[in-house]
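Have a look at the structure below, then the notes.
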Amino acid sequence: MKLYITDLEGCRIEVTDLDKAIKQTDFFKDCHHIPPVESDKERQAYWGDMYEKLTVLKKQLNQQENEND
């Protein structure tokens, strides 16, 4: 089964490794430059949104697995 999420810009993105994607977005959502630059807030919002969508997807998949057991 192929998994997809939609980013803040409306692009549909295929998730090929959900656990790895969650780890990567968890890291990127907190990244920033020192000293901070204006685009840091936008990037953190983007990666935070992606992280939230991926963790929701994982919860949904876990619920489906539990229902099928």
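The values are calculated or read from the model by the stated rules, or taken from the named source; none is laboratory data. Predicted model only: the values in this text are computed from it and were never measured. Cβ sites come from the backbone with ideal geometry, for glycine too, and all protein chains shown count toward neighbours. In case anyone asks, the SASA skips ligands and DNA or RNA and just uses the protein heavy atoms, side chains included. Shrake-Rupley method; radii C 1.70, N 1.55, O 1.52, S 1.80 Å.
Just the accessible area per residue of the chain, please: how many Å² with a 1.4 Å probe?
80 Å²
If one takes the longest principal axis of the Cα atoms in the chain, at what angle in degrees, from 0 to 90 and to the nearest 10, does the Cα axis of helix 18-28 lie?
Here the helix axis deviates by roughly 20 degrees.
Equivalent-ellipsoid semi-axes (√(5λ), Cα gyration tensor) for the chain, whole Å, largest first?
Ellipsoid half-lengths, sorted descending, are 28, 12, 9 Å.
When the dipole is taken about the Cα centre of the chain, and only Lys, Arg (+1) and Asp, Glu (-1) are charged at their Cβ, what size is it in debye, to the nearest 20?
60 debye
Sticking with the crude label model, points 7 Å out along Cα→Cβ, report the distance from residue 69 to residue 8 in nm, one decimal please.
For the pair residue 69/residue 8, the computed spacing is 3.6 nm.
May I ask you to give the percent of accessible area on the chain that is carbon plus sulfur, with a probe radius of 1.4 Å?
After summing per-atom areas, the C and S share lands at 50 percent.
Rounding to the nearest 10 and keeping the result within 0 to 90°, find how far the Cα-based axis of helix 39-68 lies from the longest principal axis of the chain.
Computed tilt is about 10 degrees.
With a 10 Å cut-off between alpha carbons and a GNM built on the chain, which of 53, 29, 41 moves the most?
Looking only at 53, 29, 41, the biggest GNM fluctuation is shown by 41.
Percent relative contact order of segment 4-69, based on C-alpha pairs within less than 8 angstrom and at least six residues apart?
RCO, segment 4-69: 32 percent.
On the full set of protein chains, 1.4 Å probe, figure out the accessible area of residue 46 and give it in Å² to the nearest 10.
50 Å²
Leaving out same-chain residues fewer than 8 places away, which lysines sit with a Cα under 22 Å from that of residue 41?
23, 29, 53
Amide H neighbours of residue 3 under 5 Å, counting only residues 5+ apart in sequence or on other chains, H built in-plane at 1.01 Å?
15
Just from its helices, what would the mean residue ellipticity at 222 nm be for the chain, if runs of 4 or more DSSP H residues each count -39500 (n - 2.57) and the sum is divided by every residue, rounded to the nearest 500 deg cm²/dmol?
Result for the chain, helices only: -20500 deg cm²/dmol.
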